[in-house]
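Inspection log for the structure reproduced underneath, given as structure tokens.
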Amino acid sequence: MEKVTFTEEKATMLATLYSKAVDNRLANPILGDQAAEDALEHIDYDFEKLGVTTASAEGIAARAKVIDDWAAEYLHDHPNAIVLHMGCGMDSRVFRLDPPPAVQWFDIDYPEVIDLRTRIYPQRANYQLIGTPITDLAWLDRIPSDRPALIVAEGLLVYLKPEAGGELLRQLARRFPSGELIADMLSRFGVKLQKATPIARNTGSTLHWGIDDPTELDQLGYHTTACLDAADWFDPRTPEGQNFGFSRSVRLQFAMTRYIPGLRRLAKIGRWSF
Ligand SMILES: C[S@@+](CC[C@H](N)C(=O)[O-])C[C@H]1O[C@@H](n2cnc3c(N)ncnc32)[C@H](O)[C@@H]1O
């Protein structure tokens, strides 16, 4: 067992990991991430204190599922891509997607988080881990820049200071011949409500970067190609929503969200090309 004493933003990945395990225990999981469940068995931590509920776990699993599906599409079209999975935490995306052999995949997070990963998950070919604060940009020099890049930031941008996060994204867009960014965003209103956000409250982490509209990244060199707001990805009438099979309580919660603009626009998942 690995004893873990992470706090603040490093602890948030324990909440997302636990959420994925909770989803995996449902009769009809949304993500079905068995690796999350297996990882929990190796981590000595009081997960109960994170306050994860079945409904919040379904939300986290659905976000990961949308991102997996978009990432798989990109890798299908670019089987020699570089993948930068920024703020990977303990997420097992590289194992879930099992990318084509020519894809070079980098999982990047704080050194302590990467250290935990290496003690729990197996190695694989063309897969490297980089332990660094993501906004210390020296790590970029370790990445080949001659191929299309898929950049994934799930549950990360909101923890970055806007200036540092903006500079990171600007440098990334300049570095590769072409690429795609897939990331989720929280609105400025959502950042203001941070004490009401169970993951932030229970880990003592601070939310910084609110993004209301995906086109805010245009000035950094990006072009929005898709954006789902919270109600879209929980909407049983949309193709994304139909596939999830959310529980009744989550469907009800999000049916109400649809009619309250501040809540509807609180959380989004976007896809940008550069
Ligand atoms: C909410 S968790 C998400 C983890 C994973 N992407 C997932 O969805 O399960 C946020 C992750 O971002 C990482 N993170 C936050 N700020 C960071 C920074 N400045 N540098 C490196 N990693 C950071 C945290 O350590 C944590 O693993």
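Only the coordinates and a few stated rules stand behind these numbers; no lab work does. Since the model is a prediction, treat every value here as computed from it, not as a measurement. Cβ sites come from the backbone with ideal geometry, for glycine too, and all protein chains shown count toward neighbours.
Here the average projected area of the convex hull drawn through the C-alpha atoms of segment 1-160 stands at 9.1 nm².
Ranking 125, 181, 219 by Cα position along the charge dipole of the chain, where only Lys, Arg, Asp and Glu carry charges on their C-beta atoms, puts 219 farthest toward the positive end.
Of the beta bridges in the chain, as assigned by DSSP with both residues counted there, near 35 percent are antiparallel. A cut-off under 10 angstrom between Cβ atoms defines the neighbours of residue 17, and their net charge, with Lys, Arg +1 and Asp, Glu -1, is -2. Each of residue 256 and residue 161 was given a label point 7 Å from its Cα along the Cα-to-Cβ line. The distance between the two points is 3.8 nm.
Net length available on complete extension from residue 273 to residue 196 is 24.4 nm, with 0.36 nm assigned per residue and the Cα-Cα distance removed. Computed from label points 7 Å out along Cα-Cβ, the spacing between residue 76 and residue 38 is 2.6 nm. Could you give the DSSP H helices of the chain that reach 18 angstrom or more along their long axis (alpha carbon positions) and whose average Kyte-Doolittle hydropathy is no lower than -1.0? The answer, listed by residue number, is 8-24, 54-77, 162-175.
Suppose R0 equals 22 Å. What FRET efficiency, 1/(1 + (r/R0)^6) with r the Cβ-Cβ distance, do residue 136 and residue 5 give to the nearest 0.05? Between residue 136 and residue 5 the formula returns 0.45. Quick one: Debye curve from the C-alpha atoms of the chain, no solvent, what's log10 I(q)/I(0) at q = 0.09, 0.13, 0.16, 0.17 Å⁻¹? Once normalised to I(0) and log-transformed, intensities are -0.38, -0.84, -1.38, -1.60.
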